[in-house]
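Presented below is the structure to which this report refers.
The values are calculated or read from the model by the stated rules, or taken from the named source; none is laboratory data. In this text the structure is predicted, and so the values were computed from the model without any measurement. Because the Cβ atoms are built from the backbone with ideal geometry, glycine has one as well, and the counts that use them run over all protein chains shown. Protein only, heavy atoms only, side chains kept; ligands, DNA and RNA dropped before computing areas. Shrake-Rupley method; radii C 1.70, N 1.55, O 1.52, S 1.80 Å.
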Amino acid sequence: MRVTLASRRSELARIQAYQVGDALRLAAPDTEISYSFHESLGDRNQNDPLWQMPEKGVFTQDFRAGLLRGDFDLVVHSWKDLAIEDDAETEIAATLPRADARDLLLVPVSRWVEIARTGTMSILTSSPRRSYNLNSFLSAALPAHLRELNFIAVRGNVPTRVRKLFQVNADGLIVAKAAIDRLLEAKQDEFAETRAELRGELQQCLWMVLPLSANPSAPAQGALAVEIARKRPELRELLASINCVDTFTSVAREREILRGYGGGCHQKIGVSVLRRPFGEITFLRGTTDDGRTLGSCSLQSSKPRPPKIQKAQLWPLKSSDVDWFTREAISVGNSLSVPDQDLTVALWVAKADALPNDWQIEPGQIVWASGAQTWQRLAQRGVWVNGCAESLGEHESPNIETLSGGELNWQKLTHADGYANGAMAALPTYRLVPKNGQLNLEGKTHFFWKSGSSFEYALSLNPWLRQMTHSCGPGNTQRILQRNGIEPHIFLDHEQWLEEMSQNREQ
């Protein structure tokens, strides 16, 4: 079969078309593939902000007409560019495994000292969603006391926008991480100059991968859409061999949620759906056209929940009920001792207290936090944090090797009895010392554990706990319960557990 793939003419669009073509060649080696690259209306109009353009699908509508005329067989889109309404004559027949859905903040190193000194910052972005959601988050996540944060509209393809960061009077730029990753990972010689230029610009920047919990992506960000005419069932069958069902399902759900609020790139709404073995996580944040504030992180569990019970049987009702340990610092010196000096050292910080107070962390040192709370506490100490695991556990890959330029030597800062899975080297910086040997858990039947250490300490004093119902967040606490023969119920946090488990809460 001969197949012609069309896409926009930009370097990123061509890379994405080549990715689909390569996948088709692997799945159907007899397929002959050619490419057809064109400008779209959005490419031709570089003056108006995207959200002010009246047309729907400014990067995609031109291609639909060519598809229906038979000028080409498939069109490869960035799925987030497609209008939120489905088309009557065309369909999305396939997608590849999704690239990183998160946004990326770039700040030239040369600007950071001035930002920290003045407390003012201007950031280039073309997205109302990013401007709305990041205004409060960046004030807490950046290691500076920001008095004023301004967002400035910017247009152009990704290399052009990164170039503008160094040419105009702005301090930062927000772009889709997937775009940067794809440009840097492209192997074709035609992109070598852009790869080299972009790598050089990144080396002059501090960077921050923005968490989906605070800044959910545009629906479908990081995902590709392969569009065909509905009258071409033979193409639908061909594309089924490369379709990633998990990505397709997540994107369909994100678009459905946005459609419920009106849809469109003018919306100040982000929504991201993550599918994990324990369930489906949905991050939703923004504001609607009629002024409603949206802000939720929800989990649809993959297994049935326990029945609701009386609040008196739940433990703990508040986090302060689990104040069982004091922290005793372990002397580790004031610098890292790393066996493999050929790899860049990256720090994975389980809790803010795990970073020794006498360590001087220079900007440029990669620091990854376990969650947003740890991130913000480190920022208050003046530490530039590059991203976090969203409180989903250390098995949630940072996925930053492309950004950093190669493999990383991860060092996990934790306590002396912290869970070790062999994926990264543990560097104990403190130990947990029990305050006393008595715990009164009488009458409690349902428990939520924020740490595996607390669970194992409680179990050592109360062996009957094995027969009770246990819950926790995803990650190492879950694994510690499992190694003790308990399969816990997974909730995103203690508040969600209380909300879903208690009969006494208002519905």
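Residues that are outside any loop (DSSP other than H, G, I, E, B) and in contact with a Lys or Arg (Cβ under 9 Å, 6 or more places away or on another chain) were ranked within region 82-100; the one that is farthest from residue 24 (Cα to Cα) is 90.
Just so you know, in region 409-435 the residues that are among the aromatic types (Phe, Trp, Tyr) and modelled with pLDDT of 90 or more include one that is farthest from residue 326 (Cα to Cα), and it is 410.
In region 1-16, what count of residues is obtained for those that are over 16 Å from residue 194 (Cβ atoms) and open to solvent by less than 10 Å² (accessible area, probe 1.4 Å)? Residues meeting the conditions: 4.
Kindly indicate the residue of region 17-39 that is without any contact (Cβ under 8 Å) to a residue 40 or more places away in the chain and either touching a His at 6+ places or on another chain (Cβ under 6 Å) or under 16 Å from residue 77 (Cβ atoms) (or both) and also surrounded by the most Cβ atoms within 10 Å (Cβ to Cβ) among those meeting that condition. Within region 17-39, the match that is surrounded by the most Cβ atoms within 10 Å (Cβ to Cβ) is 21. Taken over region 457-480, the criterion of being of a type outside the set (A, V, I, L, M, F, W, C) and surrounded by fewer than 16 Cβ atoms within 10 Å (Cβ to Cβ) is satisfied by 460, 462, 463, 466, 467.
Number of residues in region 452-483 that are within 23 Å of the chain's Cα centre (by Cα) and of a type in the set (Gly, Ala, Ser): the value is 2.
Can you name every residue in region 371-403 that is among the polar types (S, T, N, Q) and crowded, with 16+ Cβ neighbours inside 10 Å? Once the filter is applied, which keeps residues that are among the polar types (S, T, N, Q) and crowded, with 16+ Cβ neighbours inside 10 Å, region 371-403 yields 374, 376, 386, 391, 402. Among the residues making up region 293-337, those that are open to solvent by 80 Å² or more (accessible area, probe 1.4 Å), in contact (Cβ under 8 Å) with a residue 12 or more places away in the chain and closer than 19 Å to residue 427 by Cβ are 327, 328, 329, 334. Among the residues of region 75-97, those that are open to solvent by 20 Å² or more (accessible area, probe 1.4 Å) and either among the basic types (Lys, Arg) or touching a Cys at 6+ places or on another chain (Cβ under 7 Å) (or both) comprise 80, 96, 97. Does region 404-421 include one or more residues that are within 20 Å of the chain's Cα centre (by Cα), open to solvent by 50 Å² or more (accessible area, probe 1.4 Å) and within 27 Å of residue 177 (Cα to Cα)? Taking every residue of region 404-421 in turn, at least one turns out to be within 20 Å of the chain's Cα centre (by Cα), open to solvent by 50 Å² or more (accessible area, probe 1.4 Å) and within 27 Å of residue 177 (Cα to Cα).
Within region 93-142, the set of residues being within 23 Å of residue 200 (Cα to Cα) and out of contact with any strand residue (DSSP E or B) (no Cβ under 7 Å at 6 or more places or on another chain) comprises 99, 100, 110, 111, 113, 114. Return yes or no: is residue 486 over 29 Å from the mean Cα position of the chain (by Cα) and buried (at least 19 other Cβ atoms within 10 Å of the Cβ)? Against the criterion (over 29 Å from the mean Cα position of the chain (by Cα) and buried (at least 19 other Cβ atoms within 10 Å of the Cβ)), residue 486 qualifies. Scan region 352-394 for residues that are farther than 20 Å from residue 207 by Cβ and touching a Phe, Trp or Tyr at 6+ places or on another chain (Cβ under 9 Å) and the total you get is 5. Checked against the criteria, residue 375 does not count as of a type in the set (A, V, I, L, M, F, W, C), part of a strand (DSSP E or B) and in contact with a strand residue (DSSP E or B) (Cβ under 6 Å, 6 or more places away or on another chain). Within region 416-436, residues that are farther than 13 Å from residue 452 by Cβ reach partners that are open to solvent by 40 Å² or more (accessible area, probe 1.4 Å) and charged (D, E, K, R) with beta carbons closer than 7 Å, at six or more positions or on different chains, in the pairs 416/431; 430/327; 430/328; 430/353; 431/328; 433/328. Restricting attention to region 232-259, the residues being closer than 29 Å to residue 389 by Cβ and either exposed (fewer than 15 other Cβ atoms within 10 Å of the Cβ) or free of Cβ contacts under 8 Å to residues at least 40 places away in the same chain (or both) number 8. The single condition among (1) open to solvent by 10 Å² or more (accessible area, probe 1.4 Å); (2) small (Gly, Ala, Ser); (3) touching a residue at least 60 places away in the same chain (Cβ under 8 Å); (4) over 27 Å from residue 401 (Cβ atoms) that residue 229 does not meet is (1).
The single condition from (1) of a type in the set (Phe, Trp, Tyr); (2) in contact with a strand residue (DSSP E or B) (Cβ under 9 Å, 6 or more places away or on another chain); (3) open to solvent by 50 Å² or more (accessible area, probe 1.4 Å) that residue 448 fails is (3).
Pairs linking a residue in region 354-380 that is among the charged types (D, E, K, R) to a residue that is open to solvent by 10 Å² or more (accessible area, probe 1.4 Å) and outside any loop (DSSP other than H, G, I, E, B), with Cβ atoms under 9 Å and 6 or more positions apart or on different chains, are 377/353. Every test in (1) within 29 Å of residue 388 (Cβ to Cβ); (2) in a loop (DSSP other than H, G, I, E, B) is passed by residue 296 save one, and that test is (2).
Highlighted here are the strands (runs of 3 or more DSSP E) found entirely within region 101-201 that include at least 3 residues which are surrounded by fewer than 18 Cβ atoms within 10 Å (Cβ to Cβ) and out of contact with any Phe, Trp or Tyr (no Cβ under 6 Å at 6 or more places or on another chain): 148-152. Within region 77-96, residues that are among the β-branched types (Val, Ile, Thr) and modelled with pLDDT of 95 or more sit with their Cβ atoms under 8 Å from residues that are open to solvent by 20 Å² or more (accessible area, probe 1.4 Å) and in a loop (DSSP other than H, G, I, E, B), at 6+ positions apart or across chains, in these pairs: 90/230; 95/243; 95/244. Pairing residues of region 139-155 that are touching a residue at least 24 places away in the same chain (Cβ under 8 Å) with residues that are assigned to a loop (DSSP other than H, G, I, E, B) and open to solvent by 60 Å² or more (accessible area, probe 1.4 Å), at Cβ distances under 6 Å and at least 6 apart in sequence or on separate chains, gives 155/46.
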